[in-house]
1. What order do you get for 142-154, 94-106 when each peptide is scored by the mean count of other beta carbon atoms within 10 Å, highest first?
2. Taking neighbour counts of Cβ atoms within 10 Å as a proxy for exposure, in what order, fewest first, do 82, 61 appear?
3. Along Cα→Cβ, 7 Å out, is where each label goes; now give me the distance between the ones at residue 168 and residue 84 in nm to one decimal.
4. I need 48, 157 ordered by Cβ neighbour count within 10 Å, fewest first.
């Protein structure tokens, strides 16, 4: 995962959004709806265009748990694909195994999903995969390993799912603890509050 000297709580306050998905950070934002630091409540400094672009890149990078090198590699791949580079980049990130595990509700957060994948708790097409950055293909099935189906973190996460997941590009069978990657998500299906175009502008300089 992306390394930083700042705690996740400070990053959440910095970006003003619960980028890690943990409910405790929602409570933190409600209690302290301003950035970290002694003068955060009174600081009114103007942010440059470069600063805004860099902040958006950092936000996406930490949201998906990527190191700087990994992020650049993903962006370069997105540039080579047909279509808009920013959308391509988000589609590659959303197609990662750790993200899909989180989206399916098998893990409460992306960091938790990454750790569970690392420890081989999931199968892709009935084969154990422990690479969080593994990019899924249309039709791939993701399932919880039999020996992992009684893990509290997975069971508790699945219990929080209300009805069917609201993502048209994924299909979930809660009873069997399996999911299917139906299609590459369109931009409006990702439910993301990020401005990927700022990242494209940043790298185009």
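1. On the way: 142-154: 15.7, 94-106: 24.5.
Order by mean packing, descending: 94-106, 142-154.
2. On the way: 82 5, 61 21.
Starting with the residue having the fewest Cβ neighbours, the order is 82, 61.
3. Each label point lies 7 Å from its Cα, and together they span 1.6 nm.
4. Working: 48 9, 157 21.
Arranged by neighbour count, lowest to highest, 48, 157 become 48, 157.
Read the figures in this text as sums done on the coordinates, not as results from a lab. Everything numeric in this text was worked out from a predicted model, so none of it was measured. Positions of Cβ are generated from backbone atoms using ideal geometry, with glycine treated the same way; all protein chains shown enter the neighbour counts.
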